[in-house]
Amino acid sequence: MTTYYDEIGGFETFRRIVAKFYEGVATDEVLRPLYPEEDLGPAEERFLLFLVQYWGGPTTYGDTRGHPRLRMRHAPFAVTPEAKDHWLKHFRAGLDQVALTPEQDEKFWDYVTHAAQFMVNTLE
Ligand code: HEM
């Protein structure tokens, strides 16, 4: 069975999306203060491995971090509607960079827009 992970080019495609996304986060005045660690590298790695696993690639994320429980893991951070919009803007840039087919792009974008909405946990 071919997974979506394989279909869009495997690890390298995910790595490029997430690298571009984190470039945006690193200079974002709303998002950057939310990230607790000075070095964004480990956070980038966790997000990358999560997406790889979610779309059918290796399960390294779960092997090291356990069940994602994403909403709970975001509870310590004020995820406002504004933060969500900034987050999605940078994710859009990541997806644009790898230029998937329209169908592949829509599938990924649908997932992250819904997931991002689900992560919002405060209005201010
Ligand atoms: C809506 C806006 C979002 C904001 C502001 C946000 C912010 C954050 C922050 C501050 C962290 C902690 C960084 C760290 O790992 O040390 C984090 C972790 C993480 N986020 Fe988000 N996030 C958002 C949406 C999402 C979405 C939509 C997903 C999944 C599709 C996601 C997946 C993750 C993962 C996998 C981690 C690491 C969890 C772990 O500790 O294993 N985030 N996020």
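Bear in mind that the values in this text are calculations on the coordinates, not laboratory data. Just so you know, these numbers come straight off a predicted model, no measurement behind them. Cβ: placed from backbone, ideal geometry, glycine included. Neighbour counts: every protein chain shown.
Check region 113-122 and report whether any residue there is closer than 21 Å to residue 4 by Cα, surrounded by 12 or more Cβ atoms within 10 Å (Cβ to Cβ) and in contact with a helix residue (DSSP H, G or I) (Cβ under 7 Å, 6 or more places away or on another chain).
Narrowing region 113-122 to residues closer than 21 Å to residue 4 by Cα: 113-116.
Retained after the next criterion (residues that are surrounded by 12 or more Cβ atoms within 10 Å (Cβ to Cβ)): 113, 115-116.
Subsequent filtering for residues that are in contact with a helix residue (DSSP H, G or I) (Cβ under 7 Å, 6 or more places away or on another chain) retains 113, 116.
Yes, because at least one residue in region 113-122 is closer than 21 Å to residue 4 by Cα, surrounded by 12 or more Cβ atoms within 10 Å (Cβ to Cβ) and in contact with a helix residue (DSSP H, G or I) (Cβ under 7 Å, 6 or more places away or on another chain).
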Keeping to region 81-124, report how many residues are away from the ligand (no atom under 11 Å from the Cβ) and not polar (S, T, N, Q).
17
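Based on what the data block shows, is residue 78 surrounded by fewer than 17 Cβ atoms within 10 Å (Cβ to Cβ), assigned to a helix (DSSP H, G or I) and small (Gly, Ala, Ser)? Let's see the steps before the verdict.
Details: surrounded by fewer than 17 Cβ atoms within 10 Å (Cβ to Cβ): yes; assigned to a helix (DSSP H, G or I): no; small (Gly, Ala, Ser): yes.
Here the answer is no, as residue 78 does not meet what is asked.
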Out of the residues in region 96-111 that are crowded, with 18+ Cβ neighbours inside 10 Å and not aromatic (Phe, Trp, Tyr), state the one that is nearest to residue 23 (Cα to Cα).
98
Exception for residue 116 within (1) of a type outside the set (D, E, K, R); (2) over 11 Å from the mean Cα position of the chain (by Cα); (3) assigned to a helix (DSSP H, G or I); (4) over 20 Å from residue 13 (Cα atoms) falls at (2)
Which numbered condition in (1) near the ligand (Cβ under 8 Å from one of its atoms); (2) at positive phi is the only one that residue 34 fails?
(2)
For region 12-27, indicate whether the set of residues that are within 10 Å of the ligand (Cβ to nearest atom) and in a loop (DSSP other than H, G, I, E, B) is non-empty.
no
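For (1) near the ligand (Cβ under 9 Å from one of its atoms); (2) under 16 Å from the mean Cα position of the chain (by Cα), each residue gets a yes or a no:
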position: 44; (1), (2): yes, yes
position: 50; (1), (2): yes, yes
position: 54; (1), (2): yes, yes
position: 62; (1), (2): no, yes
position: 66; (1), (2): yes, no
position: 70; (1), (2): yes, yes
position: 75; (1), (2): no, no
